[in-house]
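Below you'll find the structure, written out as structure tokens, and then a few comments.
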Amino acid sequence: MKFFLDTADLSEIEEAASWGALAGVTTNPSLYARIGGKLDDFHNHIKRICEIVDGPVSAESVAMTRDEIVRDGRELAAIAPNVVVKVPTMVEGLAATRTLADEGIPVNMTLCFSVPQAILAARAGARYISPFIGRFDDISEDGLDQLNNVVQAIANYDFTDSTVNGEQIEIIAASVRSANHVTQAALMGADIATVPFGVLKKMVQHPLTDRGLDAFMKDWEKVQNA
Ligand code: E4P
């Protein structure tokens, strides 16, 4: 499993990248709004993220028609070679994904909540598919079950004739709320988990690691004073 950071916050991205295990970043309009992002700085902001991260950076189109999504997608893809265009799973999004994929522009199909949506995304040529976990949990349904269904269904078929240059599709476990979501997604075989910085920090921690470290430090003090 690879880890992406789900944020538009440059300091979080810089910090996470410095840990050595970050493979990419996903952003969305809400995450950009959360950091006080301005419309006329959006492309520059994505460029800055692409300079920090050596891996795919998802930038979302907010257009609602296929032609506008394709236009947006081309502009976003021109920002940097590691930009991935994030497109919502809807009819216009599928049509735009086909065009962008045929032009060699990688697409991350987002807001995916079902197996049929995921299979359609795959057939439309998406490079990444993002099933959301936490938003199911928010409405008292089991997001992990839904993710498992998508992982299994996509694994049942060969989509390489639909994707650019026969690339393998990667499933991004999205809308991740906890380290346990990451554990379960990894056990299912999701290729990537995109996590908020708070979850990434929790993923590093374990109380037994803290306890063990504390004991080692105390014992080492004894060695130094012996
Ligand atoms: C995916 O790429 C989305 O940006 C993200 O995971 C959405 O998560 P949320 O449900 O916490 O907003």
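In summary, GLU51 fulfils each of the numbered conditions (1) within 21 Å of GLY125 (Cβ to Cβ); (2) without any contact (Cβ under 8 Å) to a residue 40 or more places away in the chain with the single exception of condition (1).
Go over the candidates ILE154, ILE192 one by one and state the one that is surrounded by 12 or more Cβ atoms within 10 Å (Cβ to Cβ), of a type in the set (A, V, I, L, M) and over 13 Å from the mean Cα position of the chain (by Cα).
So the residue among ILE154, ILE192 that is surrounded by 12 or more Cβ atoms within 10 Å (Cβ to Cβ), of a type in the set (A, V, I, L, M) and over 13 Å from the mean Cα position of the chain (by Cα) is ILE154.
When the residues of the stretch 85-102 are narrowed to those that are charged (D, E, K, R) and not in a strand (DSSP E or B), which ends up nearest to the ligand (Cβ to nearest atom)? Applying the filter and picking the extreme gives GLU92. Of the strands (runs of 3 or more DSSP E) entirely within the stretch 103-211, those holding at least 1 residues that are touching a Ser or Thr at 6+ places or on another chain (Cβ under 8 Å) and at positive phi occupy 107-112. Looking only at residues of the stretch 128-171 that are among the hydroxyl-bearing types (Ser, Thr, Tyr) and out of contact with any strand residue (DSSP E or B) (no Cβ under 6 Å at 6 or more places or on another chain), we find that the one that is farthest from PRO106 (Cα to Cα) is SER140. Pairing each residue of the stretch 123-152 that is free of Cβ contacts under 8 Å to residues at least 60 places away in the same chain and more than 15 Å from the ligand (Cβ to nearest atom) with any residue that is basic (Lys, Arg) and assigned to a helix (DSSP H, G or I), provided the two are 6+ apart or on different chains, yields C-beta distances under 8 Å for ALA124/ARG98; GLY125/ARG98. Being in a loop (DSSP other than H, G, I, E, B), farther than 18 Å from VAL87 by Cα and touching a helix residue (DSSP H, G or I) at 6+ places or on another chain (Cβ under 6 Å) is the filter here; which residues of the stretch 1-36 pass it? Result: MET1, LEU22. Per the listing ASP102, ASP137, the residue uniquely modelled with pLDDT under 95 and more than 14 Å from ILE169 (Cα to Cα) is ASP137.
The values are calculated or read from the model by the stated rules, or taken from the named source; none is laboratory data. Because the structure is a prediction, the values reported are computed rather than measured. Neighbour counts are summed over all protein chains in view; Cβ atoms, including those assigned to glycine, are modelled from backbone coordinates with ideal geometry.
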